[in-house]
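Quick notes on the structure that follows.
Only the coordinates and a few stated rules stand behind these numbers; no lab work does. All figures in this text were calculated on a predicted structure; none of them were measured in a lab. Heads up, the Cβs are rebuilt from the backbone with ideal geometry, glycines too, and the neighbour counts pull from every protein chain shown.
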Amino acid sequence: MNRFAYREAQTVPEAIDILRQEDGGRIVAGATDTLIRWRLGAWKPQYVLNIKRIPDLDTLDYSPDTGLSLGPLVTIRTLERQALVQTHYPALAQAAMAFAGVQIRNLATVGGNICNASPAGDTLPALLAYNAECRIAGAAGERVVPLADFLVGPGRTALQPAEMVVGVHLPALAPRSGGLYIKHSPRSTMDIATVGVAAVVTLAASGHVCQEVRITLGAVAPTVVRASAAEAVLRGQPADAATIQRAAQAALEAAHPIDDIRATAAHRRRVVVPLVQRAVHYAVQMAQGIPFSSQMQRSLAVEAAF
Ligand SMILES: Cc1cc2nc3c(=O)[nH]c(=O)nc-3n(C[C@H](O)[C@H](O)[C@H](O)COP(=O)(O)OP(=O)(O)OC[C@H]3O[C@@H](n4cnc5c(N)ncnc54)[C@H](O)[C@@H]3O)c2cc1C
């Protein structure tokens, strides 16, 4: 294991300055990814830069007009427990609930999950389905990048040297919206996703036609992806069982999984269809005002464990 120096920043400009002046640094937030990669020898930083003491990077603000703003240091545990997230962005709260064990959830941050850019990262399908944007700070100031463009490949992001994520923003949702994330994994929450699916549905005033829908898939492509063909099947159509089933089948167009130690590509493709079908079905119900119950939650877990 390589030795590394330790740096700490008290402000964002100070963090950017350190990153500009010294090569070979790696930002750490919760360190739940960094520590593992360092121990495995996959990451050999010259120094780690602790950003956890920078004030105001752990805030969570919600307004019905503008949406949800998260500091990158908001922990997964906070996403799981915050009533505002549970009420307005339930797919994100579900993703947090499905994430690792409670000890990891207490440490792991949303910024770390995004910047780690794992195709199986649990918050990513939900954030993408909510059209999240990343606020990035660097020497030249700030820029905003949609999450869809921020995630470039496995472990690769649009961050340039000496840049860091300083915020994540989720736009406000229209009335009659519902959303759900389902994680399929052989060991439920204690393993990363074999397939993760998020669906966010907004119904028209009639209450049964899909006005807007976003469906995203995790762990089946180099990055988390939108299932655009599935969305096209549903958009403007009645959200009935037959249409949802056709959409779920169409979601396979976006799935290009690989074989790895967790699952074969064939298994992942087989799981995509029922997970999308179920996620959309319950998202529609939630958009119709039917609360997502713990009984529904249990039925998902049983069903997803085939
Ligand atoms: C036992 C275990 C179980 C896990 N289970 C899951 C799981 O179920 N689901 C899941 O999605 N993940 C899981 N993970 C992975 C990990 O916990 C998450 O990816 C977590 O969100 C990382 O957050 P962190 O704050 O710990 O990141 P860190 O380890 O601190 O950082 C991760 C990466 O992001 C960069 N980074 C962090 N913050 C910023 C920032 N603000 N700006 C720029 N770069 C930044 C770091 O430089 C590093 O490259 C697990 C990890 C462990 C050890």
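Brief remarks follow.
- For the range 28-67, the Cα gyration tensor yields ellipsoid semi-axes of 31, 12, 7 Å (square root of five times each eigenvalue, largest first, whole Å).
- More than 20 Å apart - percent of Cα-Cα pairs taken over the range 81-224: 47
- Cα-centred dipole magnitude for the chain, charges only on beta-carbon of K, R (+1) and D, E (-1), debye, nearest 20: 780
- Tilt relative to the chain, helix 294-304 - C-alpha long axis, 0 to 90 degrees, to 10: 90
- Mean separation of Cα contacts under 8 Å, 6 or more apart, over the residue count of the chain: relative contact order %: 15
- Total charge dipole magnitude, the range 114-232, about the Cα centre, Cβ charges on Lys, Arg, Asp, Glu only, Debye to nearest 20: 140
- Backbone phi angles across the range 231-247, fed through the Karplus curve with coefficients 6.51, -1.76 and 1.60 (θ = phi - 60°), yield HN-Hα couplings of 4, 5, 5, 8, 4, x, 10, x, 8, 8, 4, 5, 5, 4, 5, 5, 5 Hz in residue order; Gly and Pro are listed as x.
- Gyration tensor (alpha-carbon) shape descriptor, the range 177-304, a/c threshold 1.5: oblate
- Stokes-Einstein, applied to the Kirkwood radius of the chain over Cα pairs at a viscosity of 0.890 mPa s and 25 °C, places its translational diffusion at 125 µm² s⁻¹.
- Mean separation of Cα contacts under 8 Å, 6 or more apart, over the residue count of the range 177-304: relative contact order %: 29
- Spatial separation of Cα centroids for the range 198-256 and the range 1-24, in angstrom: 42
- Whole-number percent relative contact order across the range 94-179, with pairs defined as alpha carbons under 8 Å at least 6 apart: 29
- Site pair T243 and V144 shows an inter-label distance of 3.1 nm when each label is modelled 7 Å from Cα along Cα→Cβ.
- ³J(HN,Hα) computed for each position of the range 157-165 - Karplus, 6.51 cos²θ - 1.76 cosθ + 1.60, integer Hz, glycine/proline x: 10, 7, 5, 8, x, 6, 10, 9, 7
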